[in-house]
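What follows is one structure encoded as structure tokens, with my remarks underneath.
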Amino acid sequence: MSVEAEIDAPTRREKWLAALGLRPREQPRVAAGLRVYTVGDIHGCNAVLARLHEKIEADAAGFSGEKMIVYLGDYVDRGPDSRGVIERLIGAVPEGFKARFVRGNHDAAVLEFLENAESYRAWRGFGAPETLVSYGVRPPLFDSLDKFEEARTAFAAALPPAHLAFLRRLEMTVSYGDYVFVHAGVRPGIPMARQSEQDLLWIRDEFLMSGARHEKIVVHGHSPVSAPQRLHNRIALDTGVYATGVLSCAVLESTHCRFIQAGID
């Protein structure tokens, strides 16, 4: 099913303040002349990513300023074509865009497996088999360190050098204006400069349930939502594309935020 959505609605907090006759704090913004498109977790869904790229290119066609696209990580696992996703991101981001790539916990798991075959025990439960198959590698059938090592060796041989370089250069955080882009979230009360890699890749409840204002508005994926969410302290963009077929993108320009989605028929 093809899905399109564009939303530029006030947050619940903004509505609440307006009802009380109060003005919210100054709205978060990105620099004048800059438009930032931010793509949620892709998880090996290359066909949906291609459609979202088409929608992003069409949306940006009349914009004459600087166009940036930020991907929030988890390029691999669960979906059918992790290899195709990375190949596309290396060579075919939307025309006229500069791109930044955040590291997700699934991407980190690939690198960990290449260093330590035994880590497959953890990785296999959240997408390893699909990623290996996309590179033509047979997943281990048995819980055996020897079999894990065989798969690791085969995967290392099958992984193109450009794909390995892409995974190694992924960034933990990206920042534009009043927004910081991370994969999972941040630990409330901890300065951005002191956030741990573990939290940036994996945090859930402590971040999701917090109403605290962070140094910047946190734009994140990692924790699936039924539709993109814009709250007073964060924007959530993981719409579980591997299960729903819907991939989401936030568009940030000046003080405005809206969403674009793409799906498959």
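Using DSSP to call loops (not H, G, I, E or B), can you name the chymotrypsin sites (Phe, Trp or Tyr not before Pro) in the stretch 120-194 whose Cβ has at most 15 other Cβ atoms within 10 angstrom?
Of the chymotrypsin sites (Phe, Trp or Tyr not before Pro), the ones in loops of the stretch 120-194 whose Cβ has at most 15 other Cβ atoms within 10 Å are PHE142.
Of the trypsin sites (Lys or Arg not before Pro) in the stretch 196-265, which ones lie in a loop per DSSP and count no more than 12 other C-beta atoms within 10 Å?
Answer by residue number: ARG204, ARG213.
At a Cα cut-off below 18 Å, give the aspartates and glutamates reachable from LYS147, other chains included and same-chain residues fewer than 8 away excluded.
Filter leaves GLU112, GLU115, GLU118, GLU130.
Contact order normalised by length for the chain, with contacts defined as Cα pairs under 8 Å and 6 or more residues apart; what percent is it?
29
Is it possible to state the helix-based mean residue ellipticity at 222 nm for the chain, with each DSSP H run of 4+ residues giving -39500 (n - 2.57), the sum divided by total residues, to the nearest 500 deg cm²/dmol? What is it?
-9500 deg cm²/dmol
Note down the magnitude of the dipole of the stretch 22-96 about its Cα centre, charges +1 on Lys and Arg C-beta and -1 on Asp and Glu C-beta and zero elsewhere, to the nearest 20 debye. Provide the component values of the computation, followed by the final result.
Details: 10 positive and 11 negative charges, 68 e Å.
In total the dipole reaches around 320 debye.
Label points 7 Å out from Cα along the Cβ direction at PHE126 and ALA92: separation in nm?
Rounded to a tenth, the inter-label distance reads 2.9 nm.
Could you check how many percent of all C-alpha pairs in the stretch 105-169 are farther apart than 19 Å?
Of the Cα pairs, 20 percent sit more than 19 Å apart.
Can you tell which of GLY127, GLY185, GLY65 shows the greatest fluctuation in a Gaussian network model of the chain with Cα springs below 10 Å?
Checking each option, the largest mean-square fluctuation is seen for GLY65.
Would you work out the charge dipole size for the chain about its Cα centre, treating the Cβ of every Lys and Arg as +1 and the Cβ of every Asp and Glu as -1, and quote it to the nearest 20 debye?
Dipole size: approximately 780 debye.
Defining a contact as two alpha carbons under 8 Å apart and six or more residues distant in sequence, what relative contact order in percent does the stretch 105-169 show? Let's see the in-between values first.
Values: 47 pairs, mean separation 22.3, N = 65.
Dividing the mean separation by the residue count of the stretch 105-169 yields 34 percent.
In what sequence do ASP41, ASP205, ASP59 fall when counting other Cβ within 10 Å, fewest first?
ASP205, ASP59, ASP41
Counting other Cβ atoms within 10 Å, which GluC sites (Glu not before Pro) in the stretch 176-224 have at most 14 and lie in a DSSP loop?
Passing both the DSSP loop test and the Cβ count: GLU215.
Could you tell me what a quarter of the Cα convex hull surface of the chain works out to, in nm² with one decimal place?
That works out to 14.6 nm², a quarter of the Cα hull's surface.
Readers should treat all values here as calculations from the given coordinates under stated rules, not as data from a laboratory. All values reported here derive from a predicted model rather than from experimental measurement. Positions of Cβ are generated from backbone atoms using ideal geometry, with glycine treated the same way; all protein chains shown enter the neighbour counts.
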